[in-house]
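The values are calculated or read from the model by the stated rules, or taken from the named source; none is laboratory data. Keep in mind that what you see is a predicted model, and the values were worked out from it rather than measured. Counting neighbours? That spans all protein chains shown, and the Cβs are built from the backbone with ideal geometry, glycine included.
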Amino acid sequence: MIYLWIASALVALVYWLVPPIGGDGSMLNSVVKTIPVALLAMSALPQRRPLLVAALALGALGDFCLSRPGETWFIAGMGAFALAHLFYIGLFLALSGRARFVPMAMLVVYGAVMAVLLWDGTGALRLPVMAYLVIIIGMGLSALAQRPGAQMPVLLAGAGLFILSDTVLALGLFVWPNEGVYLALQWALVWPSYWLAQFALMWGFSRPEGTR
C-alpha cells in the first residue's frame, strides 16, 4: 500500500513540476494527470470501503476529463467530481455527531460570496458550476459535522484543501482568466492542494476510528 502512495506522490510531483508531457491537451499528459489519484483509489481497495474507492476513482476520472480540451469534457469532469463529493458526504455522514455552527455558517457565507463572484463569468456554464458549488459546500458542511475522533483533523484538512484548490481554480477560470500573477498562484496552489486533499481524505477514511 505504501508503495502505491509513494508512486502517487512521485507522479503527482512530475505532473506539477514538468511542463505538459506531449503538450497541453495531449493524451499522454492526460494519462499522467490521471495516475496519482487512480493509485490512491487502488491503495484503498483493501480497506473494503466502497464509497471511498468510488470517490477516489471518480476523482481520477475527473482529472482525466478536465485535462481534455473542450466544454463537454469540462462538464464531464465537473460531474465526476460532483459525484465524488456526494460519496465523500456519505462517508462523512457515517461519522456525523456534532454540529459546529460558527464555522458552518462561515462556510455557507463563503459559498454565497463565491456564487456572486462566479455568476457573471460562468455564462453558459452557470447552472453546472452553481450546482457543483452547492455540492462542495455540502461536503465541507458534512466534514464540519463529524464527531470528534483521531481521524477528524486530517479529514477536516482534506475537505479544506479540496475547497481551497477548487476556489483558486474557479477564480482563475471565471473571474481572473489569463492574469499573469494569478496564473502563477494557480500553478503554486491548485494541483498540490488538490492532491494533498485526496491523500488526506484517503488516509483519514482508511484509518479505523480511534487509531492514531
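Among the numbered criteria (1) in contact with a helix residue (DSSP H, G or I) (Cβ under 6 Å, 6 or more places away or on another chain); (2) free of Cβ contacts under 8 Å to residues at least 40 places away in the same chain, which single criterion is violated by THR72? THR72 satisfies every listed condition except (1).
Looking only at the stretch 16-39, how many residues end up being polar (S, T, N, Q) and not in a helix (DSSP H, G or I)? Spell out how you get there, then give the answer.
Within the stretch 16-39, the subset polar (S, T, N, Q) is 26, 29-30, 34.
Still in the list and also not in a helix (DSSP H, G or I): 26.
Total meeting the criteria: 1.
For the condition at pLDDT 95 or above, under 26 Å from MET27 (Cα atoms) and either in contact with a Phe, Trp or Tyr (Cβ under 9 Å, 6 or more places away or on another chain) or not aliphatic (A, V, I, L, M) (or both), TRP119 does not qualify.
When the helices (runs of 4 or more DSSP H) confined to the stretch 93-206 are screened for residues that are under 25 Å from MET42 (Cα atoms), those reaching at least 3 such residues are found at 126-144, 152-174, 180-206.
Restrict the check to the stretch 9-26 and report whether at least one residue is of a type in the set (Ser, Thr, Tyr), buried (at least 21 other Cβ atoms within 10 Å of the Cβ) and either in contact (Cβ under 8 Å) with a residue 24 or more places away in the chain or touching a strand residue (DSSP E or B) at 6+ places or on another chain (Cβ under 6 Å) (or both). No, that holds for no residue.
Residues that are closer than 14 Å to LEU93 by Cα and charged (D, E, K, R): does the stretch 139-148 have at least one? So far as the stretch 139-148 goes, yes, one or more of its residues are closer than 14 Å to LEU93 by Cα and charged (D, E, K, R). Yes or no: the stretch 137-152 includes at least one residue that is within 18 Å of the chain's Cα centre (by Cα), modelled with pLDDT under 95 and within 26 Å of PRO50 (Cα to Cα). There is at least one residue in the stretch 137-152 that is within 18 Å of the chain's Cα centre (by Cα), modelled with pLDDT under 95 and within 26 Å of PRO50 (Cα to Cα).
Among the conditions (1) surrounded by fewer than 20 Cβ atoms within 10 Å (Cβ to Cβ); (2) touching a Pro at 6+ places or on another chain (Cβ under 9 Å), the only one that GLN198 does not satisfy is (1).
Look through SER96, SER67 and report the one residue that is more than 13 Å from the chain's Cα centre (by Cα), crowded, with 21+ Cβ neighbours inside 10 Å and in contact (Cβ under 8 Å) with a residue 12 or more places away in the chain.
Just a single option satisfies the conditions, and that option is SER67.
Hey, does the stretch 128-139 have a residue that's over 20 Å from ALA80 (Cα atoms), surrounded by fewer than 18 Cβ atoms within 10 Å (Cβ to Cβ) and in contact with a helix residue (DSSP H, G or I) (Cβ under 8 Å, 6 or more places away or on another chain)? No, the stretch 128-139 contains no residue that is over 20 Å from ALA80 (Cα atoms), surrounded by fewer than 18 Cβ atoms within 10 Å (Cβ to Cβ) and in contact with a helix residue (DSSP H, G or I) (Cβ under 8 Å, 6 or more places away or on another chain). Would you check if ALA80 is of a type in the set (Gly, Ala, Ser), under 20 Å from the mean Cα position of the chain (by Cα) and either surrounded by fewer than 18 Cβ atoms within 10 Å (Cβ to Cβ) or at pLDDT 95 or above (or both)? Yes; evaluated as a whole, the condition is true for this residue. Just a yes or no: is a residue in the stretch 40-48 surrounded by fewer than 17 Cβ atoms within 10 Å (Cβ to Cβ), not β-branched (Val, Ile, Thr) and not in a helix (DSSP H, G or I)? So far as the stretch 40-48 goes, yes, one or more of its residues are surrounded by fewer than 17 Cβ atoms within 10 Å (Cβ to Cβ), not β-branched (Val, Ile, Thr) and not in a helix (DSSP H, G or I). Among the candidates ILE6, ILE35, ILE89, single out the residue that is free of Cβ contacts under 8 Å to residues at least 40 places away in the same chain and crowded, with 17+ Cβ neighbours inside 10 Å. Among ILE6, ILE35, ILE89, only ILE35 is free of Cβ contacts under 8 Å to residues at least 40 places away in the same chain and crowded, with 17+ Cβ neighbours inside 10 Å.
Filtering the stretch 156-212 to residues that are at pLDDT below 90 and charged (D, E, K, R) leaves GLU179, ARG207, GLU209, ARG212.
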